[in-house]
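Working notes for the structure below.
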Amino acid sequence: MPIPKAYEASEHEDTIYQQWEDAGHFTPTIDPNKKPFVISMPPPNATGQLHLGHATMLALEDIMIRYHRMKGDPTLWLPGTDHAGIATQNKVEQIIANQGLTRHDLGREEFLKKVHEFAENSKDTIRNQIRKMGASCDWTRERYTLDEGLSQAVQTVFTRMFEDQLIYRGDRIVNWCPRCSSTLADDEVDHKEIDATLYYFTYGPFIIATSRPETKLGDTAVAVNPTDKRYKQYVGQTMDINFGDHQITVKVVADKSVDPKFGSGALGVTPAHSHADYELAQKHDIKVVQVINEEGLMTDVAGKYAGQTVQEARTNFVQELKDLGLMVKEEPYKQNLSICYRCSTSIEPLISKQWFVDVNKPVLDWKGGKHSLKAVALDVIRSGDIEIIPDRFNKIYFNWIENLRDWCISRQIWWGHRIPVWYKGEELKVSATAPGPDWKQDPDTFDTWYSSGLWTFSTLGWPEQTEDFKYFHPTSVLETGYDIIFFWVARMILMTTYATGEVPFKQVYLHGLVLDKQGTKMSKSKGNGIDPLDMIAKYGTDAVRLSLVIGATPGNNVRLYEEKIAGYRNFVNKLWNSARFLLMICQECEMIDHETPNNFPVKSIADKWIVSRLHETVKDVTQALEKHLYSEAGVKIYEFLWDEYCDWYLEMSKDKDQNPQLLVAVMQNILKLLHPFIPFVTEKLWEKLGTGKALIIEEWPDYTQIPHDQDAINQISIIQAAIYKIRSTRTELKIDPVRKLNAIIYTGDQYLNTFKDQSHHLQKLARIEDLTIQATGPKVDEAAHQVLSGGIEIYLPLRGVIDFDKELSRTNTEIKETKQYIMATHKKLSNEGFIKNAPPEVVERETDQIAKAKAKLVQLEERLEQLK
RNA sequence: GGGCGGUUAGCUCAGUUGGCUAGAGCGUCUGGUUUACACCCAGAAGGUCAUUGGUUCGACCCCAAUACCGCCCACCA
């Protein structure tokens, strides 16, 4: 039974996946004699849906994984999910908000139960969606950041850092999100430009400018530039400033960071609510007064404004300043507002007691010395222990690490790993469980990235020295989006080098963002998003995978649109149908060799040609994959299948010298090369055309085992050129494509045998009835005339059909073009520098080309004479 | 303010050690039921490779500057 005419992806994919998984093909065998290939899957958040970013990640990683598995490497792709502290908690808070509830209404325990339920549900969804993408990851090793073992790892690392005094608790200025009621790390703060007002008002003897007048109620200093003559007299003084009945006391300090040209040149310093001011305060020993609390309300310090929101206080205070006649002017001002990366609420910098990781303390044993986390994180890239692809991200990474401040790791949200610290009065103990009665645990949880920073090794059983950890760590490649380089990649490097003394991975491959056809970011609000699952349902996973991989280069964004996916669906169908054709011919002759792949029984020149081209393709694809050039590898095999195997070899096979064994042998190799890219359709076809073993665990082709014959390539190329010429001549002369023509070809001596051997292909593919092939011969009247490079002449006798004026002008045009080419090439060849400096093979090629063009020109000119 | 990326056919993009007369898919046009595939086949039209200068025997590719588009970091109150 022939297979159906069109490939219906949805009918096969789930079954095939199930077969792979049931057969255990995703689980590697540990072999101490072999070097493993390992990827830790970046864990999707346990919050819901697979999006195109995940799809890209899965497609690329699955290509790497399948390629290495076929190469015979013990290959581990470890999947999992991330509890995603703030993100997940926010999601659930939104859900209960619909019932008019807050997490505080439910209480910690009850709320966490709800989040847990939600996350478990999402995990199921995500797991199935990862399977839909065809990801061949080892589900037997699936992990979740809140698993028992991973929590153990978190506690162990915290304890060790605490003992190394790398972790400290202290009052520091932090980024506070009033809506999340939590701190955020510096890189978890986004920025948004807004139209704000810059207020200038009288402030004792100064006029100061600020966009946040309400914070001035918490000022403890005024800073001026040391060179600023206007204010020199005040420096060092302490003075009281009155706003009506409200008084503040400020110290006047000089600091060169103050720009005398901005505003009035005098800066009101609010150490508790600005990072920059906080640093000034540290430097000049300035008092810190908190005027905004953790709910975003004014504190008692603000006097009559106490209890008001920041916004209210601003409006009211501005009004009061105006009433008092203190307001000097208001200017429109572009302010770069800090907002929360999870809920877009405006961030309040404030002072809070939090846990920090010291990134500058040299406590880490690394390459025979003691170094800071920061220093090691820089060293691993500088020394090449870790390679970032593309390497332009090195600079971005260095810049971030170099400017890294101590990392605030405590969060006031509930969903996450609890900080393993207990208090009893003034006493403090680090312990996973209560050290005894009356001890109270720190209410805070860890920054999500603290636990995901351990992902490559916590998932392998660390802190136990498990067989998995010893064998599979460090991992080979970390593949992820460039938008996550700071959040995650940098954190993994910091945490892993500290905890294990190893790098987490040897290479980092960064992919770009998926954008729509106009190049804008896809988002729910814009409605321009493409749901990968819809596309899978419509076009099949294989097509979706190709559309995300081909045309994408590392670190660069890709645009995705439905027509593109449809195009790759067509490719998948093309493959299906070429296999269908093989099955039709092989069914009769039962000639499929299931036993000895890579046996290439060549008979004809065309056979030698396709095998040689297969050799080149296997080589190109393999080398591209080794260099992480996935798009290029995909394009190469795409073109080989469609343009050469189908359009030429298959067509040539519809003839007397059909060679079914070879057709199948080549197809088997094509299926292998394509399998990492489009695993489903290739596995399906392998059932019919393969060896009986599953394709997923077949051996990757070795091009050195495939014969290569340059002469066969040259011979077929010249035949193809002749066929192209005849076909285009027909179109130009508007000859009915169905009509058979006669042809006379003068080949010269070199190609006489080639043309004679291949005459049946010429006849068939160029639709030639009577074909005369000779080395030379007389000019033919009333015929279309074409000359191939090298002087091979083709006559198509068309008595009464040829328009001689047209033929004349066509010949003239071609003569002109050929002359131009000869002149350009001649110029190149008569340039001494070229002969001297260009590689010999380039010079040789040019010499050869000019000779061929000259031969062609002679023929064309003779023809012109004849036409006149 | 600092840094990065992009600019190649109507659209989306390839073009990795600088060397054939710059390519593909989609779209357009002309034709086409040939031993698979109309999700197909054959052919055609369409490009001063953003601009200017430099290096080189030779530049889409390297360097410098400019313009426009996009992104990241910093945060001058």
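Throughout, read-outs are computed from the coordinates displayed, never taken from laboratory work. Note that the coordinates shown come from a computational prediction; the quantities given were computed from them, not determined experimentally. Cβ placement follows ideal geometry from the backbone for every residue including glycine, while neighbour counts extend to all protein chains displayed.
Below 14 Å, Cα to Cα, which aspartates and glutamates can A:Lys827 reach? Residues fewer than 8 away in the same chain don't count. Those aspartates and glutamates meeting the cut-off are A:Glu846. At q = 0.07, 0.08, 0.10 Å⁻¹, what base-10 log of I(q)/I(0) does the Debye formula yield for chain A when every alpha carbon is treated as an equal point scatterer in vacuo? One equal scatterer on each Cα of chain A leads to -0.75, -0.88, -1.13. Multiplying the residue separation of A:Lys868 and A:Lys852 by 0.36 nm and subtracting their alpha-carbon distance yields 3.3 nm.
Note on A:Ser452, A:Ser631, A:Ser476: ascending count of other Cβ atoms within 10 Å places them as A:Ser631, A:Ser476, A:Ser452, the fewest first. Database remark: amide H of A:Ile773 closer than 5 angstrom to the amide H of A:Ile745 (H placed geometrically; neighbours at sequence offset of 5 or more, or on other chains; Pro and chain starts carry no H). Annotation: amide H-H contacts under 5 Å for A:Val269 (H modelled 1.01 Å from N, sequence separation of 5 or more, or interchain): A:Thr220, A:Ala221, A:Val222, A:Ala223.
Computed from phi, the 3J(HN,Hα) profile of the range A:90-100 under the Karplus parametrisation 6.51, -1.76, 1.60 (θ = phi - 60°) reads 4, 4, 5, 4, 4, 4, 6, 4, 4, 9, x Hz, with x in place of Gly and Pro.
Each residue of the range A:266-279 was assigned a 3J(HN,Hα) from its phi angle through the Karplus curve 6.51 cos²θ - 1.76 cosθ + 1.60 (θ = phi - 60°); the sequence is 10, 10, x, 9, 10, x, 7, 9, 7, 4, 5, 5, 4, 5 Hz, with glycine and proline shown as x. Apply the a/c threshold of 1.5 to the C-alpha gyration tensor of the range A:496-589 and tell me whether it is rounded, prolate or oblate. Oblate shape, in that a/c is at least 1.5 and b/c is the bigger or equal ratio.
If R0 equals 45 Å, the separation of the Cβ atoms of A:Lys329 and A:Arg405 corresponds to a calculated FRET efficiency of about 0.80. Estimated from the Cβ-Cβ distance and a Förster radius of 41 angstrom, the FRET efficiency linking A:Phe804 and A:His826 is about 0.80. Over chain A, Cα pairs under 8 Å with separation of 6+ residues give a relative contact order of 12 percent. Shape class for the range A:597-664: prolate, because the ratio a/c of the largest to smallest gyration tensor axis (alpha-carbon atoms, square roots of eigenvalues) is 1.5 or more and a/b beats b/c.
By the rule of a C-alpha distance below 16 Å, with chain neighbours fewer than 8 residues away ignored, the lysines paired with A:Lys619 are A:Lys71, A:Lys627, A:Lys636, A:Lys672.
Adding -39500 (n - 2.57) for every DSSP H run of four residues or longer, then dividing by how many residues chain A holds, sets the calculated 222 nm ellipticity at -13500 deg cm²/dmol. Considering only A:Tyr203, A:Ile409, A:Leu510, and ranking their Cα positions along the charge dipole of chain A that arises from unit charges at the beta-carbon of Lys, Arg, Asp and Glu, the one farthest toward the positive end is A:Tyr203.
One way to sum up the overall shape of the range A:662-769 is the equivalent ellipsoid from its Cα gyration tensor, whose semi-axes run 38, 19, 11 Å, largest first. Globularity index of the range A:1-129 is 1.43 (Cα radius of gyration / 2.2 N^0.38 Å, N = number of residues). Using +1 at the C-beta of Lys and Arg and -1 at the C-beta of Asp and Glu, which of A:Phe677, A:Tyr724, A:Val738 has the Cα lying farthest in the positive direction of the dipole of the range A:673-772? Toward the positive end, the furthest listed residue is A:Val738.
Can you give the direction-averaged projected area of the convex hull of the alpha-carbon atoms in the range A:404-538, in nm²? Over all viewing directions, the range A:404-538 projects a mean Cα-hull area of 13.4 nm².
Net charge in the neighbourhood of A:Asn528 (other residues with Cβ under 10 Å of its Cβ; Lys, Arg +1, Asp, Glu -1) is +3.
Kirkwood Rh and Cα-based Rg: tell me the resulting Rg over Rh for the range A:315-448, rounded to two decimals.
1.13
For the listed residue pairs A:Lys564/A:Lys725; A:Lys353/A:Lys521; A:Lys725/A:Lys854; A:Lys603/A:Lys734; A:Lys603/A:Lys854; A:Lys429/A:Lys470, the alpha carbons are over 28 angstrom apart in A:Lys564/A:Lys725; A:Lys353/A:Lys521; A:Lys603/A:Lys734; A:Lys603/A:Lys854; A:Lys429/A:Lys470.
Modelled spin-label separation between A:Lys574 and A:Ala375, with each label point placed 7 Å from Cα along the Cα-to-Cβ direction: 5.7 nm. Residues in the range A:822-832 carry Karplus couplings, in order, of 4, 5, 4, 5, 4, 4, 4, 6, 8, 7, 4 Hz; the curve used is 6.51 cos²θ - 1.76 cosθ + 1.60 with θ = phi - 60°, and Gly or Pro positions show x. Counting every other Cβ atom within 10 Å of each residue's Cβ, A:Glu846, A:Glu862 order from fewest to most as A:Glu862, A:Glu846. Here the calculated FRET efficiency for A:Phe834 and A:Thr227, from their Cβ-Cβ distance with R0 = 60 Å, stands at 0.45, rounded to the nearest 0.05.
By its C-alpha gyration tensor, with a ≥ b ≥ c as the square roots of the eigenvalues, how is the range A:755-843 shaped: rounded for a/c under 1.5, else prolate for a/b larger than b/c, else oblate? Here the range A:755-843 falls in the oblate category.
Toward the positive end of the charge dipole of the range A:57-177, with +1 on the Cβ of Lys and Arg and -1 on the Cβ of Asp and Glu, the farthest Cα among A:Asn128, A:Leu146, A:Phe111 is that of A:Asn128.
Compute the signed sum of charges (Lys and Arg +1, Asp and Glu -1) over the other residues within less than 10 Å, Cβ to Cβ, of A:Leu404.
-2
Near A:Tyr203, the amide H atoms lying under 5 Å from its own belong to A:Ile208; only residues 5 or more places off or on other chains count, and H is placed 1.01 Å from N.
In the range A:521-561, inverting the average of 1/r over every pair of distinct C-alpha atoms gives 11.2 Å as the Kirkwood radius.
This ranking places A:Cys586, A:Cys408 by how few other beta-carbon atoms lie within 10 Å of each, fewest first, which gives A:Cys586, A:Cys408.
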